[in-house]
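Contents: one structure, followed by commentary.
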Amino acid sequence: MLEAIRNRSNGPIAKFIIGLIIIPFAFAGVYSYFNVNNGSSVATINGEDISIVEFDRAYRAQQQRWGENFDKYFSNDERLQQFRMSVLQQLINQRLSAQAINDMALRISDDKLRTSIMAMTEFHDVDGNFDNTQYEFRIQSSGQSTQQFQYAQKSEMASSQFFNAIQESAFVLKNEIKSNTQLSLQKRDIDYLIIPQEYYAKQVDLTGEEGDSARASYYELNKSLYAIPEKVSVEYVIVSKADPSSITISDGQVAEYYNDNISSYEAEERRRLAHILITIPVDAEQALIDSAENKINTIAVRINAGESFEDLAMELSDDSLSAEMGGDLDWIEKGMMSEEFENVAFAMQQINSVSSVVKSNFGFHIIKLLEIDEGGAQPIEKYKAEIVKNLQEKFVDDKFFDLKDIVSEQAFEVPDTLADAALSASTNVRSTVLFDRQFGIGLPPELRNQPGILEMAFSDDVLFEGLNSEQIELSNGNIAFIRLKEHQQSGTSTLEEVTDRITTTLIAQRAREATESAGAMVVAELFAGKTTMDAKAALPSDIIAVWQQQLGLTRSGTEISTQLRDEVFRVTMSQDGEPSYKGLVLTSGDYAVIKLLAVNMGEESTEFVAGVDATTTVDNTNVDRKQQLSSYQTQSDVYHYLKALDASANISRSISTANLVQ
């Protein structure tokens, strides 16, 4: 019922909750409460845009998770583009989920939201209690609006509620566990032959007129593969803020700041209260109101007779949430509850005193005063670290503001070079390699994924007039200035420029075709009843390929490659017990021929081990396997659900999806 009190309090309690809820987004997938599209969108899902700002936030969040390994793993343009596309798909999935959850009318109450925020350890003091002052400080430095974070938290909690429901709905039958156990313990005996692609690659001849003709034909059919996007390289200067922690702040400065801003360090009076509530339904008839009043009066009599307030609250209060805690509402400030409730509650002076019956628009209350916090000015020691940090940041911001003006003036007054601007900032002019307009692939890490850099680099002033750019705000708070170094027009590489690439491609294609054809012949010979050695005779005599045998291969075995092992366990054993055959092209380009000799069904071990009950061991194994199967089923359900949403949605992407990682 506490939830109802808050929802119907016409704003005061909502103001309290909103006042507590403002920190940066904890995750990248929740979009702005206002859905503001700052800049061009990267995708539109059922009419809702994903802005470049949202993409930038999500990209940086994912990048931070990789840490120092990011630049190592995503060192080439292809991998970096795939990473970007993967981030975009995650945003699309999250937006689709949010839309679906909204359509289902899943909601999170203000009370649950408040409880969640109060439990966040980053807002706790050293004693583990929620510290409103610390929370407000974090709010001020977050740069996010109250409504944005409130909406983000509710969306995240609703999403968790939905996907938890999917997880809890997953179930596994006993026969599935048994079947899975047998399959997981299954062992297989095979003969296998690896036909090397390298042999056939050496046989490919692309010299002479035939090779030239093949390259020219491939080039004409695949010109789009050799398109050159428009690119530029730039010179740039970065103006950075100083490190605030390097600035020394005296005790006198701290005291002066504290006294000048004393109102910011005064705590409001608050009271820890408990109540018993008998609700009155909306638009209740007089008979129901009279019944509720009689009930609360009876409770008041019982309290006055010496019965426990807490026990009666747990037994009779309609506010189920506080009833579980003996009616405890925790700390209440003015403006959080209804006016009638607060007038009585804040007039009480005696700790553990109990009020008479109070009527509000929610029903009838009996209030108990548990503690009083008078508020007032807080000691300077409590806020010293915060004040020092504020003063350090203010000093740095003031100096940085002045420096920005100086450097901007130099970049404007001397528009054909950045040397003077760099000198005024006590830094150096640096330069980039060529990078494209769409993704900025090629930019150094300090300029990467900065929308302003791409926008300014391809602006008319920089690209065609040859001027220094205006100052560009970077996501870390620094600024940059750029000027054109080189401009490469879009076009298509000539045949001569890509001859080596095409040659490599054609050799790989022809070698793959020849290898696959040779492997298919061996498989056909086996199906025709030939022995393994006779089937191998279909291959050239000088090829190095030898039949090998692997007995007792398990699903986690490392004796052969993962791809080959997985394919072995996909082969179906023939009904008559005769060997089965399968051929496949490996990721290496080689061709593998599998001869399945036998399938040995696995059984649970019941061997005696001293001090261990074999039955208990099997039961525990089944529990673990059930959890694994349930987890897999949940992942599968979520995956297919998202795929279904994707298929039925109206999605447009403003960037290429050729390398999209699903």
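The values are calculated or read from the model by the stated rules, or taken from the named source; none is laboratory data. Just so it is clear, the model here is predicted, and its values are computed rather than measured. Counting neighbours? That spans all protein chains shown, and the Cβs are built from the backbone with ideal geometry, glycine included. In case anyone asks, the SASA skips ligands and DNA or RNA and just uses the protein heavy atoms, side chains included. Shrake-Rupley method; radii C 1.70, N 1.55, O 1.52, S 1.80 Å.
Computing the accessible area with a 1.4 Å probe over protein heavy atoms, can you report the carbon and sulfur percentage for region 374-454? Carbon and sulfur atoms account for 55 percent of the accessible area of region 374-454. Mind running the shape call on region 207-356? Use the C-alpha gyration tensor, a ≥ b ≥ c as the square roots of the eigenvalues: rounded below 1.5 for a/c, prolate if a/b tops b/c, oblate otherwise. Because a/c hits 1.5 or more and a/b fails to exceed b/c, region 207-356 counts as oblate. For residue 326, the residues whose amide H sits under 5 Å from its own are 314, ignoring neighbours fewer than 5 places away on the same chain, with H placed 1.01 Å from N. Decide, for region 175-274, between rounded, prolate and oblate: order the square roots of the alpha carbon gyration tensor eigenvalues as a ≥ b ≥ c, take rounded if a/c falls under 1.5, and otherwise choose prolate if a/b is larger than b/c, else oblate. Note, shape of region 175-274 comes out oblate. Amide hydrogen proximity for residue 431: with H placed 1.01 Å from N in the peptide plane, the residues at 5 or more positions away or on another chain lying under 5 Å are 236. Spin-label pair residue 71-residue 304: with each label point 7 Å from Cα along the Cα-Cβ axis, the two points sit 7.7 nm from one another. Computed on the Cα atoms alone, the convex hull of region 498-555 gives a volume of 132 cubic angstrom per residue.
Using the 1.4 Å probe convention, the accessible area of region 533-606 works out to 56 Å² per residue with neighbouring protein chains retained. Using a 7 Å offset from Cα along Cα-Cβ at residue 409, what residues in region 420-436 end up with backbone N under 16 Å from the label point? In region 420-436, the label zone of residue 409 (backbone N under 16 Å from the point 7 Å along Cα→Cβ) covers 420-426. So, in Å, what gap is there between the alpha-carbon centers of region 371-448 and region 520-594? With region 371-448 and region 520-594 each reduced to a Cα centre, they are spaced 63 Å. Restriction of the trypsin sites (Lys or Arg not before Pro) in region 503-562 to DSSP coil positions whose beta-carbon has at most 15 other beta-carbons within 10 angstrom yields 530, 555.
Would you mind pulling out the separation of the Cα centroids of region 178-198 and region 637-653, in Å? Region 178-198 and region 637-653 have Cα centres spaced 34 Å from each other.
I'd like the carbon and sulfur percentage of the solvent accessible area for region 511-597, probe radius 1.4 Å, heavy atoms only, ligands and nucleic acids excluded.
Solvent-exposed carbon and sulfur of region 511-597 make up 49 percent of the total.
Full extension of the chain between residue 161 and residue 115 gives 15.0 nm of extra length, using 0.36 nm per residue less the Cα-Cα distance. Packing here is the average count of other Cβ atoms within 10 Å per residue, and on that basis the peptides 282-289, 81-88, 377-384, highest first, run 81-88, 377-384, 282-289. Overall shape: oblate for region 271-334, with the ratio a/c of the largest to smallest alpha carbon gyration tensor axis at 1.5 or above and b/c at least equal to a/b.
Working from Cα pairs under 8 Å separated by at least six residues, relative contact order for region 313-368 is 22 percent.
Provide the FRET efficiency to the nearest 0.05 for the residue 250-residue 381 pair, computing r from the beta carbons and using R0 = 22 Å. Kindly include the intermediate steps, with their values, before the conclusion.
Details: r = 16 Å, r/R0 = 0.71.
Here the calculated transfer efficiency is 0.90.
Of the whole protein surface, residue 516 contributes about 80 Å² of accessible area at a 1.4 Å probe radius.
Counted residue by residue at 0.36 nm each, then reduced by the alpha carbon distance between them, the extension gain from residue 106 to residue 285 reaches 61.3 nm. Working ranking of peptides 580-592, 357-369, 46-58 by packing, defined as the average number of other Cβ atoms within 10 Å per residue, highest first, is 357-369, 46-58, 580-592. Legend: distances between Cα atoms for 154/382; 187/536; 334/359; pairs beyond 29 Å are 154/382.
Annotation: peptides 300-309, 211-220, ranked by per-residue average of other Cβ atoms within 10 Å with the highest first, follow the order 211-220, 300-309.
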